[in-house]
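All of the numbers you see were taken from the coordinates with simple rules; none came from a lab. Values in this document were obtained by computation on a predicted structure and should not be read as measured data. Glycine also receives a Cβ, built like all others from the backbone with ideal geometry; neighbour counts cover every protein chain displayed.
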């Protein structure tokens, strides 16, 4: 990651919730034009970190910069796209109504919507009410909403949950296409097969950064053949340290 | 944020809230059909002369309660479904979002009051000195007050169940102290003081006043000014209670 221009820079970030440090002094950077995967056991602080990057998380201390500006600045709001873990769209509205609303808010035109429904394969759903659709379809509508303003930085919290393998593959093609356009994607995932597809990985555990780098490097450093083994080894090694303390 | 973008987002939000209402027939029924039914019930519970005396004040209180309940839940849903958090990452300003809600529910208050006044005076024969025009204005103002307080108070609820709890905890005391159930002059001094600072008091006072007086009297202007100020203040508080950063 070093050398490349950073789209996201986090320094000594501490987030405390309910008296517990959810993020305990995190320092990391996300290189521009990459698909960076955010991995870690549930409760590791992935969602909190993503919320800090998009500027909706109250933080105790530390700094988060996106495209060189403090996270949450007004100037960033048209340059960042965010997909939350739940679908976070209007379930009582149709797919088209949702997209038209968020496009209007972002100042995007109808052409943009037409492109998105095509590439996310939801064109046939535009007149359907979101609540009546499957989880995978809702996830794609949610992704479309995150993309509708044509953001330079995309923060996607488990965007492929509930998708079948074919759709999942298509989504990852889309992500890499966006990165090839110079956009930066920070994607959290639980699926190790997806971790393999990332340019870089950030491995988070108990609010700390356990490892960072390209998937092969992380696997190599943990003397593992695959990212999944590396993930398990690193997390278990950390747990042993924690028990020993 | 530049003005045109702000207006565009307010307009888009108003349309979106309206689209959500269109897809929710039971809420539309609660807003437009239930108030006239309630007033009809009151008409037949009492003698005609009682209805003439209470009617105008009642026509203000009913839109207040209904608008409060609907808008509090609407804004709560925006928060609990995550869409508000999502909007906070976009160029949408807090006032743009609140403005969108105010425009749509303001129009709803107008339609609601028009139906209510038409039923009360046309079908139920409500007689008042102040006239239909003034009665409509009072009902709309009270609906707007319910809307503004609903949007604001929803900040203090985390679930729809808690919005339900706001009804006895927040709406009922205002109703009891408003002077609808007995003259404010007869209240004990401390209660009278509390009554003085509750906005619904002025809504009821306005309704009672136009029952016996015609024209834009000093009381009408004073009460209407206080109510307008309360609506504006509650809407501003509602906007600023939409937190961009949360724990």
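Taking R0 as 56 Å, what's the FRET efficiency between residue B:40 and residue A:134 from their Cβ-Cβ distance, rounded to 0.05?
Values: r = 45 Å, r/R0 = 0.80.
Taking R0 as 56 Å, the efficiency between residue B:40 and residue A:134 is 0.80.
For B:43, A:197, A:169, what ranking results if the residue with the fewest other Cβ atoms within 10 Å of its Cβ goes first? It would help to have the intermediate numbers written out before the result.
Values: B:43 22, A:197 19, A:169 15.
Fewest-to-most Cβ neighbours within 10 Å comes out as A:169, A:197, B:43.
With label points built 7 Å along Cα→Cβ from the Cα atoms of residue B:232 and residue B:124, find their separation and express it in nm.
Here the modelled spin labels are 3.2 nm apart.
Give the distance, in whole Å, between the Cα centre of the range B:62-111 and the Cα centre of the range A:125-177.
Answer, in whole Å: 26.
Could you work out how far apart the two model spin labels at residue B:49 and residue A:74 are, taking each label as a point 7 Å from the Cα in the direction of the beta carbon, and quote it in nm?
Here the answer is 6.3 nm between the modelled labels.
Between B:91, B:63, B:36, find the one with the highest GNM mean-square fluctuation for chain B; connect C-alpha pairs within less than 10 Å.
Result: B:91 has the largest fluctuation of those listed.
Choose one answer from A:153, A:59, A:95: the residue with the largest mean-square fluctuation in a GNM of chain A with alpha-carbon springs under 10 Å.
Top of the fluctuation ranking is A:59.
Can you show me the helix-derived [θ] at 222 nm for chain B, built from DSSP H runs with n ≥ 4 at -39,500 (n - 2.57) apiece and divided by the number of residues, rounded to the nearest 500.
Values: 12 runs with 182 residues, N = 247.
After summing the helix terms and dividing by the residues of chain B, the value is -24000 deg cm²/dmol.
Identify which of A:79, A:20, A:112 has the largest mean-square fluctuation in a Gaussian network model of chain A, with springs joining Cα atoms closer than 10 Å.
With Cα springs under 10 Å in chain A, the top fluctuation among A:79, A:20, A:112 is at A:20.
Which value in nm describes the separation of the simple spin-label points at residue B:156 and residue A:180, placed 7 Å from the Cα toward the beta carbon?
Each label point lies 7 Å from its Cα, and together they span 5.6 nm.
So what is the calculated 222 nm ellipticity per residue for chain A, using -39500 (n - 2.57) for each DSSP H run with n of 4 or more, over all residues, to the nearest 500 deg cm²/dmol?
Mean residue ellipticity, 222 nm, calculated: -11000 deg cm²/dmol.
Residue separation times 0.36 nm, minus the C-alpha to C-alpha distance between residue B:22 and residue B:132: what's the value? Spell out each step's value before the answer.
Details: separation 110, 0.36 × 110 = 39.60 nm, distance 2.86 nm.
Gain in length upon complete extension: 36.7 nm.
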